[in-house]
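One structure is given below, encoded as structure tokens.
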């Protein structure tokens, strides 16, 4: 495969009679040469997968959170059951049920859509409780003020409550997204080509498992550092609109 031509060069350089200095240099060359394929896997696989799944999951979470706050017991119970199932089962099991389990009942879904469905459902279950708690944190007086000027419950929720709840929910939702970025590595188990899948391919070709897996971990860490920094900046910006 032309994508891994650099690996053949590295392997041919590492002859059995090579000194320890040459082996070290070859390992470093492999580290440098494999960095772009791994980073490319993150750019084209890991990050898009996380962004799409989080966006869909966030919309789902909003609807589920509103269902949880519904005055109808049936609607509220449906939301409770969904959240309980998502939070009570491992993400890996959810992923396998969708990709490997559904074909047994005649429903086959490709790897990428399967991963998006599984991650979106998972985010929806966890983020729903975050959004619900954020909505409940808004003072009851805000509801009463909205009703006083003639707003309906749904309009008050949309125009008054949710904007205030959004600021409160930013830190936990940001943590959810960072966790999702790391969880996308599970998609490699259903053949989705992303960062960790790329690391597995190169490691299998070179037998440098420790080196490649540590390099993948480094890239995940760097991505999470960038996201954490962005989270901090966003929180500071939103904090300007809070009276102290």
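The values are calculated or read from the model by the stated rules, or taken from the named source; none is laboratory data. The model shown is predicted, which means the values in this text are computed figures rather than measured ones. Here the Cβ is made from the backbone with ideal geometry for all residues, glycine too, and neighbour counts use every protein chain on show.
Is it the case that the range 150-172 has a residue that's surrounded by fewer than 18 Cβ atoms within 10 Å (Cβ to Cβ) and closer than 19 Å to residue 91 by Cβ?
yes
Which of the numbered conditions does residue 192 fail, given that it passes all the others? Conditions: (1) exposed (fewer than 13 other Cβ atoms within 10 Å of the Cβ); (2) at pLDDT 90 or above.
(1)
Select from the range 96-120 the residues that are within 20 Å of residue 181 (Cα to Cα), surrounded by 14 or more Cβ atoms within 10 Å (Cβ to Cβ) and out of contact with any helix residue (DSSP H, G or I) (no Cβ under 6 Å at 6 or more places or on another chain) and list them in ascending order.
96, 112
Please go through the range 52-108 and pick out each residue that is in a loop (DSSP other than H, G, I, E, B) and at pLDDT below 95.
Correct list: 69, 70, 71, 72, 106, 107, 108.
Can you find even one residue in the range 56-65 that is within 19 Å of residue 223 (Cβ to Cβ) and without any contact (Cβ under 8 Å) to a residue 24 or more places away in the chain?
no
In this structure, is residue 88 surrounded by 13 or more Cβ atoms within 10 Å (Cβ to Cβ) and free of Cβ contacts under 8 Å to residues at least 40 places away in the same chain?
Answer is no for this residue.
Considering only the range 211-225, I want to know if a residue exists there that is within 15 Å of the chain's Cα centre (by Cα), surrounded by fewer than 17 Cβ atoms within 10 Å (Cβ to Cβ) and within 24 Å of residue 56 (Cβ to Cβ).
There is at least one residue in the range 211-225 that is within 15 Å of the chain's Cα centre (by Cα), surrounded by fewer than 17 Cβ atoms within 10 Å (Cβ to Cβ) and within 24 Å of residue 56 (Cβ to Cβ).
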